[in-house]
Each structure stands twice: as C-alpha cells, then as structure tokens.
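Coordinate-derived values only; no laboratory data. A quick note: this is a predicted structure, and the numbers were derived from the prediction, not measured. Note: ideal-geometry Cβ built from the backbone for every residue, glycine included; neighbour counts use all protein chains shown.
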Amino acid sequence: TKNDQPRLRIAIQKSGRLSTESQNLLKAMGLKINMREQRLIAHCENMPVDLLRVRDDDIPGLIMDGVADLGFIGENELEEKELERQRLGEPAEYKLLKRMTFGGCRLSIAATEEFDYQGPHSLEGLRIATSYPELLKRYLDEQGVNFKSVMLNGSVEVAPRAGIADAICDLVSTGATLEANGLKEVQDIFHSKAVLIQAKAALSAEKQALVDRLMVRAQGVMQAKE
Ligand code: PRT
Ligand code: ZN
C-alpha cells in the first residue's frame, strides 16, 4: 500500500511501559503535542507530524504494512511479529533507525522453584505457556528441543499453578513477578530494548527530510543524556 499522506505518521504505544519515554523523547526532539486528549490521532502543533496512539502489539504491523511511517516498539514484539509474518508470507520488512536506552527487559523461560534445570534439554516435551510462541520456538528449535506451546496473551505467570502448562516463557525485568508466583528464571532467550523503526517503502523527499532532521535531534537528545 502506498502511503501518500502529507503528514508524517509516528506510531506510539497509547499507554504502557513504552509510552511515557517515547513521548518524552518526541517532546525533547521539539515536537509540540497535546497529549491530554484521549484520541487515536494526536496532531503535532509545530510540525507536519501526527501521532498514532495504539496498542504496542499493533505497531510492527502498522510499519510493515506502511500505514505508519515511524514507530517506537520493543524488540520482543517487533521480532515476534516479523517471524510470524515471515511464516505466513506477509510483509515483514522495516528499517531500524535507532535502538533506545529504555524499555529494557529479557524474555526468559521460567519454571517452578523445585524444577531441576540442567540446560535446554530439561525442557524436552514440556508444555510452555507464552505470548511469544515464535521467539520461543526459534530458540528451542536451535537447541533441538521438542515442546508444546500454550498461547496466552496475559496471566502467563499463573499457568503452571493453574495446571495448564509446565513452564512459562515471559518478559522479565526485576524478576519480582516470577518470585511472587513461585517461579524461577531458568533460561534467558532474548534481550530486548525499545527501538525506533521506519517503514521500508521510500517516503516523499519532504517527509524523509523531516525524518532526517528529527533523527539528528534524537541523536543530540540521547547524547546529552549519556
Ligand atoms: O496495552 P498494550 O498492548 O499496549 O501494552 P502491553 O500490556 O502489551 O505492554 P506493556 O506496556 O506491559 O509492555 C510494553 C513493552 O515494554 C514490552 O513489549 C517490552 O518490550 C517492554 N518491557 C520492559 C516489559 C517489561 N519491561 C516488563 N517488566 N514488558 C513487560 N514486563 C512485565 C513482566 O512480564 C512482568 O509481568 O512486567 C511485569 C513486571 O516485571 P518484573 O520482572 O519486574 O516483575
Ligand atoms: Zn501489548
């Protein structure tokens, strides 16, 4: 699909772990945005930029389909969607503009405290609950381990206690959630940060010039923070 919108469209998470820092960076880059309104589209007041405020899960697809020009997204969601689309033969391309310093976490396999983990082969034949079946399968395929994934979009950490899985594969930052659910991290499989990505198709010269200017500002803001 050709995107001939004159205004640059940037997709950001509407509310969640990436939204405050994505918005703060855009503001530091000089964009004046009125975020009080609870709208899908927020118009920037001083530049030809619109923000699309959506669920983070939707951002990789919006970029890969060329519906949004830029987007802030966690690498975990981005690579999961990329693998899924590649498997389905759907458009899965994007350009990486910049890795951010925020949104850091890891995708890890966790099991009950008494589980005797000796390495990936200890997971052979288990049912593993996850929201990231593609990343999990890529890792365990590389290790030559057979398993069954149980897809859950939330409450993954209660699956072992509920008897619907033997282990889980979920995002971890402090580990407090695992601990509160009687689980221990046995294997990290993917390290993630937020990234800024751009749609693959060429932008109009005006829009690309604006992106280039914004990226120079982003670079300055991020360097000043170091
Ligand atoms: O509503 P929407 O779909 O937009 O949001 P969401 O609920 O799917 O995502 P959100 O806001 O929770 O996370 C967005 C992104 O933040 C993720 O895709 C990751 O890239 C990144 N991120 C960084 C994290 C965490 N840290 C994190 N700790 N995402 C989730 N968590 C979870 C973790 O799984 C656990 O359940 O937060 C909980 C607390 O973690 P602990 O280890 O500190 O206890
Ligand atoms: Zn989400």
(message) Condition (residue is without any contact (Cβ under 8 Å) to a residue 24 or more places away in the chain and within 16 Å of ligand 2 (Cβ to nearest atom)) applied to region 136-151: is it met by at least one residue?
(response) yes
(request) Exactly one condition in (1) more than 22 Å from the chain's Cα centre (by Cα); (2) not in a loop (DSSP other than H, G, I, E, B); (3) not β-branched (Val, Ile, Thr) is not met by Glu82; state its number. (result) (1)
(request) Among the numbered conditions (1) within 14 Å of ligand 2 (Cβ to nearest atom); (2) closer than 22 Å to Leu26 by Cβ, tell me where Glu80 comes up short. (result) (2)
(message) So Pro91 ticks every box in (1) of a type outside the set (A, V, I, L, M); (2) part of a helix (DSSP H, G or I); (3) in contact with an Asp or Glu (Cβ under 7 Å, 6 or more places away or on another chain); (4) more than 10 Å from ligand 1 (Cβ to nearest atom) but one. Which box is left unticked?
(response) (2)
(request) State which residue is surrounded by the fewest Cβ atoms within 10 Å (Cβ to Cβ) when the search covers only region 180-193 and only residues that are over 8 Å from Ser108 (Cβ atoms) and out of contact with any Asp or Glu (no Cβ under 7 Å at 6 or more places or on another chain). (result) Ala180
(request) Might you let me know whether region 143-154 holds any residue that is closer than 23 Å to Gly103 by Cα and of a type in the set (Ser, Thr, Tyr)? (result) no
